[in-house]
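Read through the structure below, which is laid out as structure tokens, and then see the notes.
Only the coordinates and a few stated rules stand behind these numbers; no lab work does. Small disclaimer: the values here were computed from a predicted structure and weren't measured. Heads up, the Cβs are rebuilt from the backbone with ideal geometry, glycines too, and the neighbour counts pull from every protein chain shown.
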Amino acid sequence: MLVLGIESSCDETAAAIVADGAEILSSVVASQIPTHEKYGGVVPELASREHLRKIELVVDEACQRARVGIRDVEGVAVTEGPGLVGSLLVGLVYGKALALALAKPLVGVNHLEGHIHAVLLENKMDRRAGKRVEEGRLPAVTLVVSGGHTSLFLVEDGRPPANSLPVFNYKRLGHTRDDAAGEAFDKVAKLLALGYPGGPIIDQLARWGNPEAIDFGRIKMKGNPLDFSFSGLKTAVFYRVRGTPLALEAEQRRAWRKTSASARADDLRAHCSPQTLDLIASFQNAVVRDLLERTLAAADAARVDSVFVSGGVACNSLLRASFLDTSRAQGFRVFFPSPALCTDNAAMIAAAGYYKLKAGLRADATLTAHASLPLGT
Ligand code: KG4
Ligand code: ZN
């Protein structure tokens, strides 16, 4: 079954063609980074306009790259939330109109469910391609960690024994009470005038700093210990900068970045003092340690030995190394999608939508966008 996936929940306009929820024939992502860069964050109104400009081109290109005609598509899966409503509506209305015109079934997909399916999709593709990777089996504890989300889920195979097609059960174990981890990366990068989006830049610069230079301490949570909170850590970084030479240095960097087109990490590094690099490395270390510890606590509590990590922050090199090292030491299996499938894309939406379509789920004309859309129980 060929499924067209459409994703427009934030600042990427994406379309993909996926066969049988297991093979990506094409995945096209139009990034809006140049539009939002100068504001240091996503501007919702501008995002909606960019989606409108790009949606048709992106869907056309997905079909071309997959070498399929739009009429070959057998189902349409579109992100219905959570996300920016104006952005979501662009992909949603386009997907609805297309499904109606083609007389093909349509399903709405939760963006977080998409990130979870990115792990399963890539695992299936790797094994089909004969790569020696372990099977990403369920149940698994999944950390979805991005610019908009930081959540832990228990994902189970909920299929009845007689039915061969997986139907998934999601149990929400914890979520962020304030900033998402990626948001904290982006805000710290903005404060230090490092550029946008902040996560990849901090990831690179942190290699030149000492992650133990500043001990930010453990993030304490009252109530559910599997919840997250990163705004305190972000504020701690803010106070380490305000009124110190680091603030002046950040202003000088801001001025330099305005006049320089260079986006190279070593040029940026040359404009960062050792103290700034230590602060960046220590901040990243504190975020990664917190994500790792809470995910392991969730896996322990759920008694599972499979851990999935997905979302933009799952590209982070320290995070990947920390999860992999710990998994070897503690005997659990960890699965990440490759970076292109960690960040927002439509292949993950098509893959998640495939199972819904196969299970007979159909969206009707009432399908609409939801700024917040909880996944699971
Ligand atoms: O999944 P995504 O593309 O969009 C959302 O659903 O939010 O994630 C984007 C987020 C941004 O906050 C970005 O700074 C962060 O992922 N990110 C990273 C890295 N690459 C992207 N954070 C840390 N290290 C990275 N290498
Ligand atoms: Zn996302």
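Some values worked out for this structure:
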item	result
Around Met1: net Lys/Arg minus Asp/Glu count, Cβ-Cβ under 15 Å	+2
The stretch 141-156 versus the stretch 1-34: alpha-carbon centroid distance in Å	20 Å
Unit charges at the beta carbon, dipole of the stretch 101-188: most positive-side option, His175, Ser151, Leu121	Leu121
Mean residue ellipticity (222 nm) of the chain, computed from DSSP H runs ≥ 4 via -39,500 (n - 2.57), nearest 500	-14500 deg cm²/dmol
Percentage, to the nearest whole number, of Cα pairs in the stretch 328-377 over 12 Å apart	79 percent
Mean separation of Cα contacts under 8 Å (6+ apart) over length of the chain, as relative contact order %	27 percent
Straight-distance crosslink candidates among lysines, where the alpha carbon sits under 28 Å from Lys104 and sequence neighbours closer than 8 are dropped	Lys54, Lys96, Lys124, Lys356, Lys358
Residue with peak Gaussian network fluctuation, the chain [Cα springs, cutoff 10 Å], from Gly136, Gly353, Gly69	Gly69
Positive-end residue of Ala314, Pro34, His51, charge dipole of the chain with Cβ unit charges	Ala314
Counting DSSP beta bridges with both ends in the chain, the antiparallel % (nearest 5)	60 percent
Choice from Ala359, Ala298, Ala22 showing the highest fluctuation, given a GNM over the chain with Cα pairs closer than 10 Å	Ala359
Cβ-defined net charge surrounding Arg218, 9 Å radius [Lys, Arg +1; Asp, Glu -1]	0
Cβ-based charge dipole, the chain, positive-most Cα from Ala255, Ala66, Leu361	Ala255
Cα centroid separation, the stretch 72-87 to the stretch 236-308 (Å)	33 Å
With at most 15 neighbouring Cβ atoms within 10 Å, loop trypsin sites (Lys or Arg not before Pro) (DSSP) excluded, longest segment of the chain	1-66
Under 20 Å between alpha carbons - lysine pairs in the stretch 181-303 that sit 8 or more apart or on different chains	6
Span-like helix ranges in the chain, DSSP H, alpha carbon extent 18 angstrom or more, Kyte mean at least 1.6	85-102
Charge tally in the Cβ shell below 13 Å around Asp305, where Lys, Arg are +1 and Asp, Glu are -1, Asp305 excluded	+1
Cα centre as origin, Lys/Arg/Asp/Glu Cβ charges: the chain dipole, Debye	180 debye
